[in-house]
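See structure below.
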Amino acid sequence: MGCVGIELLLGRRWFTAHWLPFARLVDEPAAFAQATRSALARLAADALAQSPAAASFLLAATTLDPEQRPAAEQLSRHAFVAE
């Protein structure tokens, strides 16, 4: 949901350009973690240019830890979706 939301909201292939290239680092946990933190920081900045609610929604939807990431039902009640 987060990946599709990123591309729809930002109107470009953000996920493909800023996140997928790090998939090759999956066997290098430290490098992968640093790359994903960097991508999430960039996402926050890009999404904030749209709105704080959009940034909050996208960051919630792309939470790396699946145990901490809101379910689709929870995300559907997010303030950004309600707008």
Residue match in region 51-61 (condition: farther than 14 Å from Gly5 by Cβ and of a type outside the set (Asp, Glu)): yes
Does Ala35 satisfy the criteria of being assigned to a helix (DSSP H, G or I), modelled with pLDDT of 90 or more and in contact with a Pro (Cβ under 9 Å, 6 or more places away or on another chain)? no
Report every pair of residues separated by at least 6 positions or lying on different chains whose Cβ atoms are under 7 Å apart, first residue within region 34-56 and acidic (Asp, Glu), second assigned to a helix (DSSP H, G or I) and crowded, with 16+ Cβ neighbours inside 10 Å. Asp46/Leu10; Asp46/Trp14
Please specify each residue of region 27-39 satisfying the condition of being open to solvent by less than 50 Å² (accessible area, probe 1.4 Å) and aliphatic (A, V, I, L, M). Ala31, Ala33, Ala35, Ala39
When restricted to Arg24, Arg12, the only residue open to solvent by 50 Å² or more (accessible area, probe 1.4 Å) and not in a loop (DSSP other than H, G, I, E, B) is Arg24
Test for Ala61: is it in contact with a Gly (Cβ under 6 Å, 6 or more places away or on another chain) and modelled with pLDDT of 90 or more: yes
Any hit, region 65-73, residues being surrounded by 11 or more Cβ atoms within 10 Å (Cβ to Cβ), out of contact with any helix residue (DSSP H, G or I) (no Cβ under 6 Å at 6 or more places or on another chain) and not in a loop (DSSP other than H, G, I, E, B): no
Looking at region 40-63, which of its residues are surrounded by 11 or more Cβ atoms within 10 Å (Cβ to Cβ) and in a loop (DSSP other than H, G, I, E, B)? Gln50, Ser51, Thr62, Thr63
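The values are calculated or read from the model by the stated rules, or taken from the named source; none is laboratory data. The model shown is predicted, which means the values in this text are computed figures rather than measured ones. Cβ atoms come from the backbone with ideal geometry, glycine included; neighbour counts cover every protein chain shown. Just so you know, the surface numbers come from the protein's heavy atoms only, side chains and all, with ligands and any DNA or RNA stripped out. Shrake-Rupley method; radii C 1.70, N 1.55, O 1.52, S 1.80 Å.
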